[in-house]
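The values are calculated or read from the model by the stated rules, or taken from the named source; none is laboratory data. Note that this is a predicted model, so its numbers are computed, not measured. Cβ placement follows ideal geometry from the backbone for every residue including glycine, while neighbour counts extend to all protein chains displayed.
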Amino acid sequence: MAVLNIDRYEAVTVLTMNRPEVRNAVDDELMNALRAALLACEHDGTRCIVLTGANGSFSSGADIKKAIENGYTPENTFYMLTEVYGPTLKTIRLSSWPVIAAVDGFAAGIGCDMALACDIRLVSERAKFAELFIRVGLIPDGGGTYLLPRLVGTGRAMEMMFTGRDVAAQEAVQIGLANHCYPVETFTDEVLKFAGVISRKSPQALRRGKAAMLAALDSDYSSSLAREAENQKAILSSEDGPEGFLAFAQKREPVWTGK
């Protein structure tokens, strides 16, 4: 059984973590498979990526039982975080294309941080997030200390980190942790519809807009203005550059080449 299922719906690629026996807990095999699939999306015609989990769970976090069996030492843990988990999380975050976390069920520990690394989080009514590292005496190690306060504010992020409590779907939307919440019965259809809308936008604008916004998070206002101007110039100089204006003037849908 593959630990990662890959499905394609036109320009939307869905990556489904598939270790249902451990509620999609992650290990080195799954993380490496995920990173390889994300890298393949860079040049296979994908325009939007959906990351989700099988059987009503996003991910329950790291597979601690397997880690103990493999030798759960400080050195092994450091290696996994820096050489396996870290590179995959950065690949999610820095993918050229929008990445949507479709959270149906539990997103806990590093599973929560994987969802945070995505650009947008869509949740079902039974979704829950938890930075549960504190429950085993640890701190977030999947980029949560960077991403969580930027999404929900420092106070809420500190509370989630210090208590490890569950944050249910509706609260997640209210505090900015998730974008939209859908019924369980229609969740998959709603996610694919949402992703489909994004995938039909200008590839140049998707790729450059995402990169510019991520850069702006660690930059200042003046630099962001300059970066935006450079990107607009590059887009308008491309083959797709005039298409948006022409389509608008001609009252038709634009046809994007991605060039």
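The residue that is surrounded by the fewest Cβ atoms within 10 Å (Cβ to Cβ), among those in segment 85-119 that are among the hydroxyl-bearing types (Ser, Thr, Tyr) and part of a loop (DSSP other than H, G, I, E, B), is 96. Of the residues that make up segment 247-256, is at least one modelled with pLDDT of 90 or more and acidic (Asp, Glu)? Within segment 247-256 (the criterion being modelled with pLDDT of 90 or more and acidic (Asp, Glu)), the answer is no, since none of the residues qualifies. Restricting attention to segment 229-258, which residues are part of a helix (DSSP H, G or I), more than 23 Å from residue 197 (Cα to Cα) and without any contact (Cβ under 8 Å) to a residue 24 or more places away in the chain? If the condition is that a residue be part of a helix (DSSP H, G or I), more than 23 Å from residue 197 (Cα to Cα) and without any contact (Cβ under 8 Å) to a residue 24 or more places away in the chain, then 229, 230, 233 are the ones that fit. Exactly one residue out of 54, 102, 40 is farther than 28 Å from residue 258 by Cβ and out of contact with any Phe, Trp or Tyr (no Cβ under 7 Å at 6 or more places or on another chain), and it is 54.
Six or more apart or on different chains, Cβ atoms under 7 Å: show the pairs whose first residue is in segment 82-107 and farther than 24 Å from residue 166 by Cα and touching a residue at least 40 places away in the same chain (Cβ under 8 Å) and whose second is of a type in the set (S, T, N, Q) and assigned to a helix (DSSP H, G or I). Every condition considered, the pairs that remain are 84/32. Just one of the listed residues (187, 162, 133, 194) is touching a Gly at 6+ places or on another chain (Cβ under 8 Å) and part of a helix (DSSP H, G or I), namely 133. Every condition in (1) of a type in the set (Phe, Trp, Tyr); (2) over 27 Å from residue 182 (Cα atoms); (3) in contact (Cβ under 8 Å) with a residue 40 or more places away in the chain holds for residue 133 except the one numbered (3).
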